[in-house]
Amino acid sequence: MRATPVENSGRQEAMGRVWPLAGRLALPAILLVAFALRVYRLGDKNIWWDEGLAIWAVRKSLLGTTLWTASDVHPPLYFWTLWGWVRLAGESEFAARFISAIWGMLTVAAAYALGVRIGGRRVGLLGALLLALSRFHIWWSQEMRMYILATLAATLTLYAAVRWLEESPAGQGRGSHAWLAGYVVAAAASLYTIYVAALAPLVANGYAAAVLARLPARERRPAALRWLAAQAAAVLLFIPWLLLALPRMRTWSVAEPFSFRLFLKLYAVLLSLGISTDIERYVPFVLPFGAVLLAGLATLAHRRREPGPAGGRAVWLFVLGLGLLPLTIFVLTRFPHLYYTPRVEARYLLLFAPLFCLFLAWSAVRLAARWRPLALAAVAVTLAPMLVFLPGHYTDRYLKDDAQTMAHILGACARPEDAILLISGNRYPIFGYYYERIVPAERRLPVLLLPRTSCFTEENVAAELEEAIGGRRRLWVVAYEVGIQDPSFLSLAWLDAHYPRAFTHQMGHNALILYGDAAEPLVAERAGLRPQHRLAVQAGGLELLGYDLPAIEYQAGDTVDLGLYHAGEAPAAVRIDWMRSSGELLDSVEQEWSPTGSAARRATARFDVWPWYPAGDTEFLLRWSGADGASHSLRVAGPYVRSGPGSIRVEGIPQPLEATLAGGVRLRGFDLHRPIREGVAEARPGEELVLDLFWEATEAVGQDYTVFTQLVGSAHNPDTGGPVWGQHDGPPVGGSYPTGRWKPGQTIVDRHVLKIDPDAPAGEYELHVGMYLLATLERLPVQRADGSTGGDHIVPARLRVIR
């Protein structure tokens with residue numbers, strides 16, 4: 001049934017009301033998306049060296065920050081803004097980075113404004129959307145560095161230049177002087193942020209030359225003079241900084257030879273997908289972006305009169321910006337004797353990322369004017385890969401326990417007469433960030449940075465350490481990436497030879513070590529105790545004062561360090577269970593806590609995060625028997641276990657099984673990762689069988705056993721001298737969790753991969769699983785329900801080999 005003219009008129013009137021509203025909401029919606037993507041997991045990443053250095057710099061006075069920057073390799077504008085920001089918002093990972101997220105969102109807004117000027121509102125909106133979703137731009141909007149501020153300043157520089165040139169190069173239009181003054185401020189801000197941002201006014205000058213060349217001669221000269229005066233004003237604003245910095249600036253180079261072809265691939269992959277590693281793998285995904293740009297350029301062959309610089313002049317702006325930056329960066333790496341010639345890195349290529357997004361948007365809009373389906377396809381092939389690869393940026397963003405536990409221990413247990421030595425000293429920005437954030441000023445001891453020379457040698461190690469120790473009886477050593485300045489570990493060897501170790505807290509390849517005679521190394525004064533989480537629990541003669549849990553998320557391969565502060569007049573036997581919120585035991589630790597008298601003591605419960613731990617919330621259950629003979633318990637919130645690259649995704653036990661081996665080991669089930677029908681799976685010769693075994697200790701296992709998994713048939717295999725056609729033996733969990741450490745009630749997922757012999761004949765086979773003692777090769781017998789034993793292996797499944 002056809003609509004009446006009145007109905008059609010009503011629909012058109014309604015659409016006429018909807019579309020203007022949608023148009024007004026489009027930019028705010030894009031900016032909201034840009035902001036959300038830049039603050040999402042903003043603080044969920046550890047401070048890295050450059051960020052730590054930035055915090056270290058802005059902890060000085062404003063003058064001290066300025067003078068330090070003058071001797072560094074970057075101008076001061078970012079440090080000035082960060083100096084004020086951290087005093088307002090704080091130094092947490094989230095707070096200190098938040099200003100970068102703001103700069104990033106403002107850059108999206110500036111890109112919109114520039115896009116409107118060079119191609120119209122649709123170019124501005126689409127370009128802003130692409131930049132809002134740009135992984136490359138989001139990446140550096142979440143870093144405490146100056147590159148995103150430089151990108152904002154560069155975009156504003158180009159916008160002010162285009163605006164002035166578009167509105168009134170002859171100086172007769174309204175607002176002409178304001179936009180030229182805005183250009184001077186933006187260009188000077190670019191120069192004051194990073195030196196390579198001088199390319200922004202350079203690109204603006206190239207664009208201005210193209211625009212001014214088309215003016216009538218009587219207008220060109222005064223416009224050019226005003227433009228040149230603006231350049232001189234920007235340079236004059238920058239000269240005071242150069243006079244201060246040039247005599248102080250360090251000259252160093254780490255530039256390395258780099259293939260220009262590989263460099264261009266890196267540039268293309270970064271702008272398109274925001275990925276800087278394994279770039280050859282991602283080059284095919286960049287090709288659609290190039291196709292869209294080429295299609296947009298092809299539309300210039302069909303010349304039409306277009307308002308503003310939407311045609312050839314816009315392309316000139318894109319080509320200048322996107323071409324000049326990589327060429328400059330690459331050329332600089334060819335001259336290692338300049339003031340500062342760094343190696344090629346992603347951050348130096350961010351400056352004109354907004355131009356790339358606007359170039360894509362400009363191309364799509366021009367295609368839409370010719371054939372809309374082609375424009376829609378262009379938008380789809382650019383947005384799709386950006387959206388597909390964007391989540392990868394957040395995958396590894398989680399806050400790890402880097403130096404936080406070290407700082408907590410020092411804050412609680414270091415004494416005023418102790419010394420703290422940081423080896424290697426050039427890691428001071430990272431350690432110093434956490435140490436000064438966590439330890440209150442009244443508890444903070446000076447940290448001596450070692451070595452004082454470039455590295456420890458046989459000749460200087462004794463003299464440097466003796467001078468640093470200065471006769472103190474106790475010294476804390478923060479061994480943080482020691483191999484950087486002490487590759488032979490001479491410092492630790494010297495200390496071990498001259499002082500006893502009283503305490504060691506190992507954190508991967510780093511460690512906190514207490515040297516000296518200290519019978520009670522982790523005793524703390526209650527008056528100055530500041531645990532991360534306070535408790536006030538007193539029961540059975542034991543008092544729990546608080547605990548430290550530096551991170552809120554952990555994943556496979558991490559170690560959870562739970563620091564517990566306690567006091568008491570009597571000894572206590574304490575068990576700490578780490579459990580899922582559902583009550584399933586993950587791990588447990590048993591400790592004997594001795595009396596502390598009037599002081600407090602710090603105890604550490606360590607838990608490994610194994611790959612099979614399911615994602616979810618956890619908790620700690622503390623249980624102890626007090627002097628009154630009664631049992632007491634306390635639950636405290638634990639961290640969230642997240643899925644990581646090393647996680648084994650397990651949803652329950654796919655193939656439940658109840659089989660027990662003598663010695664307190666039970667096989668609860670398995671997963672063969674392939675269909676099993678009526679107890680039989682199928683495979684072909686040469687294939688790999690991925691077998692996950694779900695073990696459980698029914699009691700404390702007194703030995704470290706080796707697991708064997710075999711594929712056993714009826715035919716003789718000459719290679720094995722028996723009926724075995726596939727086999728894998730090894731300690732559980734690749735040797736990282738031997739059976740002697742298993743806790744009763746804990747489920748362990750143990751993966752083995754068996755390769756079926758390529759010559760295995762078709763037929764029926766059995767999977768044999770069991771354990772043996774490596775020293776004697778004696779297998780554990782299978783234990784029957786009645787307690788008797790029989791056989792030396794479990795048969796969890798049968799396999800049919802087909803050809």
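Odds and ends about this structure:
- Atom-type composition of the exposed protein surface of the stretch 622-744 places 46 percent of the accessible area on carbon and sulfur (1.4 angstrom probe).
- The stretch 552-615: relative contact order in percent, alpha carbon pairs under 8 Å with at least 6 residues between: 48 percent
- For the stretch 573-579, 3J(HN,Hα) computed residue by residue from phi via the Karplus equation (6.51, -1.76, 1.60; θ = phi - 60°) reads 8, 10, 10, 10, 9, 9, 9 Hz, glycine and proline entered as x.
- Between Thr789 and Asp729, the simple spin-label model (points 7 angstrom out along Cα→Cβ) gives 1.8 nm.
- All aspartates and glutamates inside 20 Å of Lys755 as judged from Cα atoms, apart from same-chain residues fewer than 8 positions distant: Asp671, Glu682, Glu687, Glu688, Asp692, Asp719, Asp729, Glu764, Glu766
- Accessible area expressed per residue, the chain, with surrounding protein chains retained (probe 1.4 Å, Å²): 44 Å²
- With 0.36 nm allotted per residue and the present C-alpha distance subtracted, the Arg59-Val283 stretch has 76.4 nm of extension available.
- Folded to 0 to 90 degrees: helix 93-119 orientation relative to the chain principal axis, Cα: 30 degrees
- Take each peptide in 747-754, 679-686, count the other Cβ atoms within 10 Å of every residue, and average; sorted highest first, the result is 747-754, 679-686.
- Correct option for log10 I(q)/I(0) by the Debye sum over Cα atoms at q = 0.08 Å⁻¹ [calculated from the coordinates] among [x] -0.82; [y] -0.92; [z] -1.02: [y]
- Percent accessible area from carbon and sulfur atoms, the stretch 60-154, protein chains only, probe 1.4 Å: 73 percent
- Taking the C-alpha atoms only, the angle from helix 199-212 to the longest principal axis of the chain is near 30 degrees.
- A simple spin-label model places the labels of Leu294 and Leu774 5.7 nm from each other, with each point 7 Å out along Cα-to-Cβ.
- Pairwise FRET efficiency - Thr328 versus Ala232, Cβ, R0 = 25 Å, nearest 0.05: 0.65
- Sequence of Arg370, Arg443 when ordered by accessible area, the most exposed leading, probe 1.4 angstrom: Arg370, Arg443
- Residues of type lysines that Lys45 reaches as a straight line, Cα spacing below 17 Å, ignoring anything fewer than 8 places off in the same chain: Lys400
- Relative to the longest principal axis of the Cα atoms of the chain, helix 217-245 runs at roughly 40 degrees.
- Taking every DSSP bridge with both residues inside the stretch 692-803, close to 95 percent are antiparallel.
- Shape call, the stretch 650-733: gyration tensor on alpha carbons, a/c limit 1.5: oblate
- Once the Cα-Cα distance is subtracted from the 0.36 nm per residue extended length, the Glu687 to Arg221 segment shows a gain of 160.0 nm.
- Amide H contacts of Gly274 (H built 1.01 Å from N, in plane; Pro and chain starts excluded): Phe136 sit under 5 Å, all sequence-distant by 5 or more or on other chains.
- Applying 1/(1 + (r/R0)^6) with r as the Cβ-Cβ distance of Ala762 and Asp517 and R0 = 56 angstrom yields a FRET efficiency of 0.20.
- Our estimate of slack between Arg635 and Ala369, defined as 0.36 nm per intervening residue step minus the Cα-Cα distance, is 89.2 nm.
- Relative contact order computed over the chain (Cα-Cα under 8 Å; 6+ residues apart), in percent: 8 percent
- Estimated FRET transfer efficiency when R0 is 25 angstrom, pair Val680-Arg741 (beta carbons, to 0.05): 0.10
- Beta bridges by DSSP in the chain, antiparallel share as percent, to the nearest 5: 85 percent
- The stretch 78-171: trypsin sites (Lys or Arg not before Pro) in DSSP loop, at most 10 other beta carbons within 10 Å: none
- Listed residue (Val733, Leu754, Leu777) projecting farthest to the positive dipole end of the stretch 655-803, Cβ model: Val733
The values are calculated or read from the model by the stated rules, or taken from the named source; none is laboratory data. What you are looking at is a predicted structure, and each value in this text was computed from that prediction instead of being measured. Cβ sites come from the backbone with ideal geometry, for glycine too, and all protein chains shown count toward neighbours. Ligands, DNA and RNA are stripped out before the accessible areas are found, and what is left, the full protein with its side chains, is counted by its heavy atoms. Shrake-Rupley method; radii C 1.70, N 1.55, O 1.52, S 1.80 Å.
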